[in-house]
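Right, one structure below, let's go through it.
The values are calculated or read from the model by the stated rules, or taken from the named source; none is laboratory data. Worth saying up front: this structure is predicted, and the values here are computed from it rather than measured. Cβ: placed from backbone, ideal geometry, glycine included. Neighbour counts: every protein chain shown.
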Amino acid sequence: MELLANAKINLTLDILRKREDGYHEMQMVMQAVTLADELTVAPAQGVQGEAVSNLRFLPTGGKNLAQMAAAAFRQATGLGGEVDVSIRKRIPVCAGLAGGSADAAAVLAAMNELTGAGLSPAELAKIGEGVGSDVPFCVLGGAALAEGRGEVLTPLPSLPPCHIVICKPPFSISTPQLFGRVNVRKIVRRPDTSGVAAALEAGDLAGVARRMYNVFEDVLEPRRLAEINEIKAALIDCGALGASMSGSGPSVFGLFADRARAQEACRRLREAYRDVFLCAPAGSNV
């Protein structure tokens, strides 16, 4: 079975408090986008399933999120056997775009179809909670308010038709280190999460764009923040209605109403960066 696994962007990311279980209470508005990995899921050729991709450094066995998802499905349903997963990675890794979670969600959907289990998207999302915090959203797609660790989802209307430019600079950011730098009581600037949700309800692209923010930007190392801000400035200079960092970074995205301006932003950014993508909002899987 062949599937696409859509990336996500964070229109907002806020951290409300540190929880007793060690996790942080999050509040985010997330949007699926058409930038996607290509997966093929098939019965395993060997005793145990493998996950192979065009990136040699990714794990191939049980530590790969795609194989973790297959194992979680089998454990939850008692259905299906080992599977081999072939992944053509287009979503950059360690980029704040939920590439691994998207692959896991696609495997859950494939297992559901191949076994005839007939689980609902909500039931698949519940299985995905044990695989990763972003997996439930990637199962459902579209747009949603995400709370808790990111697994408590309230569907929202997707972004109105627009063009999204994503740029990943050539470095990675440690998510645990970012969380370690966050002092919730000292967060000064926060996104207007309720305003973004209301703007999505109204189909107001500009209203979404001017309310976006990611509190992780405030705890980046100065040299990393400088490069993030340079990319945001380039997107705005090219006509983006707004720009922000996605997830724990370092990917930056801009929302454009005009395709020609989005294409110009891609051209300009590709002079300095390899990983630059032009994509669009992706709809719900429900």
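Report, ordered by the first and then the second residue, all pairs with beta carbons closer than 8 Å, sequence separation of six or more or different chains, a first member in the stretch 186-201 that is assigned by TED's automatic domain parsing to the domain that holds Q31, and a second member that is in a loop (DSSP other than H, G, I, E, B) and among the β-branched types (V, I, T).
none
What's the number of the only condition in (1) in contact with a Lys or Arg (Cβ under 7 Å, 6 or more places away or on another chain); (2) in contact (Cβ under 8 Å) with a residue 40 or more places away in the chain; (3) surrounded by fewer than 22 Cβ atoms within 10 Å (Cβ to Cβ) that D218 fails to meet?
For D218, the failing item is (2).
Among the residues of the stretch 41-62, is any at pLDDT 95 or above and within 30 Å of T154 (Cβ to Cβ)?
So far as the stretch 41-62 goes, yes, one or more of its residues are at pLDDT 95 or above and within 30 Å of T154 (Cβ to Cβ).
Please enumerate the residues belonging to the stretch 78-96 that are under 15 Å from N64 (Cα atoms) and either without any contact (Cβ under 8 Å) to a residue 12 or more places away in the chain or of a type in the set (A, V, I, L, M, F, W, C) (or both).
Residues of the stretch 78-96 under 15 Å from N64 (Cα atoms): 82-89, 93-94.
Within the stretch 78-96, V83, V85, I87, V93, C94 meet the criteria.
Would you point out which residue out of E123, E151 is modelled with pLDDT under 95 and either closer than 22 Å to G283 by Cβ or surrounded by 23 or more Cβ atoms within 10 Å (Cβ to Cβ) (or both)?
On the way: E123 fails: modelled with pLDDT under 95.
Checking each option against the conditions leaves just E151.
Identify all residues within the stretch 10-45 that are part of a strand (DSSP E or B) and closer than 17 Å to L108 by Cβ; write none if there are none.
Step one: of the stretch 10-45, the residues part of a strand (DSSP E or B) are 10-18, 24-43.
Passing the criteria: A32, A36, D37, E38, L39, T40, V41, A42, P43.
Within the stretch 207-242, track down each residue that is touching a strand residue (DSSP E or B) at 6+ places or on another chain (Cβ under 9 Å), among the hydrophobic types (A, V, I, L, M, F, W, C) and within 26 Å of R181 (Cα to Cα).
Within the stretch 207-242, M212, V215, F216, L220, I228, I231, A233 qualify.
Take E38 and tell me if it is in the same structural domain as D103 (by TED's automatic domain parsing), over 16 Å from the mean Cα position of the chain (by Cα) and without any contact (Cβ under 8 Å) to a residue 60 or more places away in the chain.
Details: in the same structural domain as D103 (by TED's automatic domain parsing): yes; over 16 Å from the mean Cα position of the chain (by Cα): no; without any contact (Cβ under 8 Å) to a residue 60 or more places away in the chain: yes.
No; evaluated as a whole, the condition is false for this residue.
Out of the stretch 247-282, which residues are assigned to a loop (DSSP other than H, G, I, E, B) and over 14 Å from the mean Cα position of the chain (by Cα)?
First, the residues of the stretch 247-282 that are assigned to a loop (DSSP other than H, G, I, E, B): 247-251, 257-258, 270-274, 280, 282.
Within the stretch 247-282, A257, D258, R270, E271, A272, Y273, R274 meet the criteria.
For the stretch 133-189, which positions are farther than 22 Å from V107 by Cβ, of a type in the set (G, A, S) and part of a strand (DSSP E or B)?
Correct list: A143, G148.
To keep it simple, each residue is scored yes or no on (1) crowded, with 21+ Cβ neighbours inside 10 Å; (2) among the aliphatic types (A, V, I, L, M).
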residue: L58; (1), (2): no, yes
residue: K89; (1), (2): no, no
residue: A98; (1), (2): yes, yes
residue: I127; (1), (2): yes, yes
residue: G130; (1), (2): no, no
residue: S133; (1), (2): no, no
residue: F137; (1), (2): yes, no
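When the residues of the stretch 1-43 are filtered to those that are among the small types (G, A, S) and surrounded by fewer than 15 Cβ atoms within 10 Å (Cβ to Cβ), which remaining residue is nearest to E217 (Cα to Cα)?
So the residue we want is G22.
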